[in-house]
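Asker: The structure's right below; bear with me while I get my questions together.
The values are calculated or read from the model by the stated rules, or taken from the named source; none is laboratory data. Keep in mind it's a predicted model, so treat the numbers as computed, not measured. Reconstructed Cβ throughout: ideal geometry from the backbone, glycine too, with neighbour counts over all protein chains shown. Surface areas here come from the heavy atoms of the whole protein model, side chains and all, with no ligands, DNA or RNA. Shrake-Rupley method; radii C 1.70, N 1.55, O 1.52, S 1.80 Å.
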Protein chains: 2
Amino acid sequence: MKVIKFGGSSLANGTQLKKVLQIVKDDADRRVVVVSAPGKRNDSDEKVTDLLIQLANEVNQKEDYHITLAKILKRYQDIVDELQLDNSIMEEISKNYADLIQTQFKDEWYAMDAFKASGEDNNAKLIAAFFNKEGIPAKYVNPKDAGLLVSDNPGNARVLPETYKNLYALRDIKEVIVFPGFFGYTKEGELLTFSRGGSDISGAIVANGVRANLYENFTDVDAIYVANPKLVKHPKKIAHLTYREMRELSYSGFSVFHDEALQPAFSGGIPVVVKNTNNPSAPGTSITKSRPANEHIVSGIASSTGFIGIYISKYLMNREIGFGRRVLQIFEDFGLNFEHMPSGIDDLSIILREDQMTMQQEQELLYRLKTELDADDVSIKPNLCLLMIVGEGMVSSVGTVAKACTALAEADINLEMINQGSSEVSVMFGIDEKDEARAVKVLYDAFFPRTNK
Amino acid sequence: MKVIKFGGSSLANGTQLKKVLQIVKDDADRRVVVVSAPGKRNDSDEKVTDLLIQLANEVNQKEDYHITLAKILKRYQDIVDELQLDNSIMEEISKNYADLIQTQFKDEWYAMDAFKASGEDNNAKLIAAFFNKEGIPAKYVNPKDAGLLVSDNPGNARVLPETYKNLYALRDIKEVIVFPGFFGYTKEGELLTFSRGGSDISGAIVANGVRANLYENFTDVDAIYVANPKLVKHPKKIAHLTYREMRELSYSGFSVFHDEALQPAFSGGIPVVVKNTNNPSAPGTSITKSRPANEHIVSGIASSTGFIGIYISKYLMNREIGFGRRVLQIFEDFGLNFEHMPSGIDDLSIILREDQMTMQQEQELLYRLKTELDADDVSIKPNLCLLMIVGEGMVSSVGTVAKACTALAEADINLEMINQGSSEVSVMFGIDEKDEARAVKVLYDAFFPRTNK
């Protein structure tokens, strides 16, 4: 059986839902449909999830929430009208919000999650009704009944392992299952959401739980591109990716998926395919444990800005047992995650995301590093961009790095940092933010030369 | 004034000492001569310092030491005879050893240092006598009287800061000063030696102390070479180096100097020149704080083997605040220094010198890393060679890395690691030991193309 997941833009209105219906009809193996909340119908439109966050805040702060609530209900009403559904579903949805607004929650964080999740939950009920009306026997399944258990972290819940065997029971349901994404329940029965992009996570969890032979993730693009289309004109599509490649690409700035969204499918060894709701016949990008080795070496090029480097130099630091540990201890005291730590003989740099620190903390950090480590020099290198070239077996393929360095050098792009040696599927370059677009472009041209036709 | 230092091969016999005398005569500014113990006269010969270590062990273990002692005295006697010195100096030397053998030392380590140091000390007395006989007013100065104070670490003493102002008084001495290298005294008056290569350290300390305008370090090579002559045929000579370049080169396998030997001169801003006792007219290699920027970008290529990489992977490790610190804590518990820590998204590697661990410790380390960090994978990559390209302002010169990577790629040499980003004067590559010689050769050819003539 296949688990298919649809993003917000694929569920924004009746026209989109008809495409979804057709996709379900096209393949009898598509037995579980995981859905998001209705997304934008056009660039100026608002996502239902964003409206729900606004509503939750208004209710929390005892402000007037009626305009926002009306907007939300209108979104569902429009869909119900366009699909000519029985209005009983609307009554159910508006009653749900009346109840939510009355409910006393543990605290505002639990309240926020409950409001946010309602976007997916009500959409799932609506879509199940639509499928049934169109002659596709469908059943809305609530994550609590399905046993999707999560850790007690509002807004950032993590799936609990016992979930998977619970979900296996879904296989016994005869109808097409419509399953709301984005949330689960704690063992105490509290509803909590995953981090943003959580519907992808739900889809991957369900795919793993029911041991699907395929997880189809429907978006609004034909495929994952080799490079960010905002930086490179008409980049090539990626036909195959491995789990590891996908993970490195999404880490380093690929917006298609949240960093961890597909992990539950990966860990279950479930093949994933990314397809386009608006063009379902396009093959899309398939993501599997391994891919044909004879294909290209480099799969994608990603970049991500907002990093800084903190440079520390001290004569003979590498003779001081525990020096590096003491450096990291200070970062830990500030609750800072670091990404990389390139080192010379008498110096090292810590690369980390800038948004973790205020100016004030930055100054305190520098002061502590200088004084507690008795360092000769401590300084900051701002505006770093991490550039990543990702490809299976790159390390074992001599010349990839040479090719990349040459391309960057010819474009006069200065390398602040190179980091290769741990991950076998990527090499990372640190450059100045201002060079990001040019760097991605020259790397793309180097590894994916345009064929004239 | 100039401080000049001579290595063991420059002082191995009378013929060499006559060259030394001439070098002193050639320049009236050469006011302080720092000397080593007599070195090898030919490849099969023994260094006096090695004989002294043997003697110390024999005396410690109450073994028969007379043959070894005889060998040592013979070395000095040969020089005395060849230079037709008054035999009173030999009586002084043999009395010195008789005393040493009788002396009760704090422990065997202090005894070892006293025996080792006597090689330089007696040679200095002998050379002072020789200079005086040849009409160069000379004075042997003992490090204790000069106030060369060191930390209380037998075999690995470090100079104490107050030493420098003490040594300044040496400027008032009218005669040419002959100063024994390799040792100093603790504040309690115990004689202790520096680590091996310690005569270079003494020379640099004295040069700093007397504020010399030049420290001339006489060896048996015309200059420092761009690459190891054992790996590259007739490599180019280096005319200028900066302090930083010299430091990185000697760290990464350049045998000319001990890693820290020149540091006291560097910290005092004293210019250093490396010259050849056997060819004093050759310009040698000068080492200064800065060098003409218009010169070559790459100064030297060095390599060093005996490293291993320990690879640790764990999903989402970079979200775990303190993960890196906990890794390094475990290495610290084993008393291990690490050299580099390249990292990916879900993995990092620790590069360290293999000789720090026994097989047994290696296994314990791996076990602790795996269990205490709950890592997904922990493995060892043995036989790593660190390859270093050193040159001022390399980082700001786009293309150097590209050139190096291309050369290595064309030679099919696989890069296990690249580390650039902290030190501005070097970039480091990790390769398999078996590729060391080829790698150095191709890099040499890339950066120092042979000019046909």
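Asker: Would you check the accessible area of A:R450, probe 1.4 Å, heavy atoms only, in square angstrom rounded to 10?
Answerer: A:R450 exposes around 120 Å² with every protein chain in place.
Asker: What is the interface area between chains A and B, defined as buried accessible area summed over both chains with a 1.4 Å probe, reported in Å² to the nearest 100?
Answerer: 4900 Å²
Asker: What is the mean number of Cβ atoms from other protein chains located within 10 Å of the Cβ atom of each residue in peptide B:345-356, rounded to a whole number?
Answerer: So the per-residue partner count for this stretch is 3.
Asker: Work out the mean other chain Cβ neighbour count within 10 Å for the residues of A:99-108 and drop it here as an integer.
Answerer: Values: counts 0, 0, 0, 0, 0, 0, 0, 0, 0, 0.
Averaged over the peptide's residues, the number is 0.
Asker: Rounded to whole Hz and in sequence order, give me ³J(HN,Hα) for the range B:311-326 from the Karplus expression 6.51 cos²θ - 1.76 cosθ + 1.60, θ = phi - 60°, writing x for Gly and Pro.
Answerer: Once θ is set to phi - 60°, the couplings for the range B:311-326 become 9, 10, 10, 7, 4, 6, 4, 6, 8, 8, 4, x, 4, x, 5, 5 Hz.
Asker: How big is the range A:300-447 on each of its three principal axes, counting only the C-alpha atoms and giving the largest first in Å?
Answerer: 46, 32, 25
Asker: Let me ask another. Compute the accessible area of each residue in the range A:309-334 twice, once for its chain alone and once with every protein chain present, using a 1.4 Å probe on heavy atoms, and list those whose area falls by at least 30 Å².
Answerer: With the partner chains in place, the range A:309-334 has these residues losing at least 30 Å²: A:Y315, A:L316, A:N318, A:R319, A:I321, A:R325, A:L328, A:E332.
Asker: Taking every pair of alpha-carbon atoms in the range A:20-64, give the share separated by more than 15 Å as a whole percent.
Answerer: Within the range A:20-64, distances greater than 15 Å cover 63 percent of Cα pairs.
Asker: Now a separate question. When you take every Cα atom in the range B:181-305, what is the radius of gyration, and what is Dmax, the widest Cα pair distance, in Å?
Answerer: In order Rg, Dmax, the Cα atoms of the range B:181-305 give 15.0, 51 Å.
Asker: Hey, another quick one. With a 1.4 Å probe and all protein chains kept in place, how much accessible area does B:M417 have, in Å² rounded to the nearest 10?
Answerer: The accessible area of B:M417 comes to roughly 10 Å².
Asker: Continuing with this model, one more query. So the label point sits 7 Å from Cα along the Cα-to-Cβ vector; using that for A:A169, what distances do you get to the other copies, in nanometres, sorted shortest first?
Answerer: Label-point separations across copies, in nm and ascending: 9.2.
Asker: I would also like to ask the following. Provide Rg and Dmax in Å for the range B:1-154, with only Cα atoms included in the calculation.
Answerer: Gyration radius and largest Cα-Cα distance of the range B:1-154: 15.7, 48 Å.
Asker: Before anything else, pin down the relative contact order of the range B:300-447: Cα pairs under 8 Å, at least 6 apart, normalised by residue count, whole percent.
Answerer: 30 percent
Asker: Moving to a separate point now. Report, to the nearest whole %, how much of the accessible area of the range A:300-447 belongs to carbon and sulfur atoms, 1.4 Å probe, protein only. Don't skip to the answer; put the middle values down first.
Answerer: On the way: 2390 of 5020 Å².
Using a 1.4 Å probe with all protein chains present, the range A:300-447 comes out at 48 percent carbon and sulfur.
Asker: Ordering B:S202, B:S304 by how much accessible area each has at a 1.4 Å probe, largest first, what is the list?
Answerer: On the way: B:S202 0, B:S304 20 Å².
The residues order as B:S304, B:S202, largest area first.
Asker: Say a label goes 7 Å from Cα toward Cβ at B:N278 in every copy; what distances in nm does this one have to the rest, shortest first?
Answerer: Sorted ascending, the copy-to-copy spacings read 8.0 nm.
Asker: Here is a follow-up. Expressed in nm², what is the orientationally averaged projection area of the convex hull enclosing the Cα positions of the range A:88-217?
Answerer: 8.0 nm²
Asker: Continuing with this model, one more query. Please get the size of the charge dipole for the range B:300-447, origin at its Cα centre, with Cβ charges of +1 on Lys and Arg and -1 on Asp and Glu, quoted in debye to the nearest 20.
Answerer: With only Lys, Arg, Asp and Glu charged at Cβ, the dipole is about 200 debye.
Asker: Can you give the relative contact order of the range B:30-187 as a percent, counting alpha carbon pairs under 8 Å and 6+ residues apart?
Answerer: Relative contact order for the range B:30-187 comes out at 31 percent.
Asker: Return the calculated 222 nm mean residue ellipticity for chain B, to the nearest 500 deg cm²/dmol, obtained by summing -39500 (n - 2.57) across DSSP H runs with n ≥ 4 and dividing by the residue count. Numbers along the way, then the final one.
Answerer: Details: 14 runs with 168 residues, N = 453.
After summing the helix terms and dividing by residue count, I get -11500 deg cm²/dmol.
Asker: While we're on this one: Mean projection of the alpha-carbon convex hull of the range A:50-124 over all orientations, in nm²?
Answerer: Its Cα hull, projected and averaged over all orientations, spans 4.7 nm².
Asker: Okay, next question. Which percent of Cα pairs goes in each bin when the distances of chain B are cut into 10 angstrom slices starting at zero?
Answerer: Computed distribution, short to long bins: 4, 19, 25, 24, 18, 9, 2, 0.
Asker: What average number of partner chain Cβ atoms lie no more than 10 Å from the Cβ of the residues making up A:129-138? If you can, show how the numbers build up before the last one.
Answerer: Values: counts 0, 0, 0, 0, 0, 0, 0, 0, 0, 0.
Per-residue shielding by partner chains comes out at 0.
Asker: Additional query: Roughly what % of DSSP beta bridges within chain B run antiparallel, to the nearest 5?
Answerer: 60 percent
Asker: In the protein assembly as shown, what % of DSSP beta bridges are antiparallel (nearest 5)? Please list the in-between numbers first.
Answerer: Numbers: 80 of 132 bridges.
Once the DSSP bridges in the protein assembly as shown are tallied, antiparallel ones form about 60 percent.
Asker: Hey, if you drop one equal point scatterer on each alpha-carbon of the protein assembly as shown and run the Debye formula without solvent, what base-10 log of I(q)/I(0) do you get at q = 0.08, 0.10, 0.11 Å⁻¹?
Answerer: For the protein assembly as shown at q = 0.08, 0.10, 0.11 Å⁻¹, log10 I(q)/I(0) is -0.82, -1.11, -1.27.
Asker: Here's something else I'd like to know. Considering only protein heavy atoms, what per residue accessible area in square angstrom results for the protein assembly as shown with a 1.4 angstrom probe?
Answerer: Per-residue accessible area for the protein assembly as shown comes out at 40 Å².
Asker: Can you give the log10 of the normalised intensity I(q)/I(0) at q = 0.18 Å⁻¹, computed with Debye over equal Cα scatterers of the range B:333-409?
Answerer: With no solvent term, the Cα-only Debye profile gives -0.90.
Asker: Shifting gears a bit: Report the relative contact order of chain A, percent, no decimals, based on alpha-carbon pairs under 8 angstrom and at least 6 residues apart.
Answerer: 13 percent
Asker: So, one more: If the label for A:D152 sits 7 angstrom from Cα along the Cα-to-Cβ line, what are its distances to the same label in every other copy, in nm to one decimal, shortest first?
Answerer: 5.6
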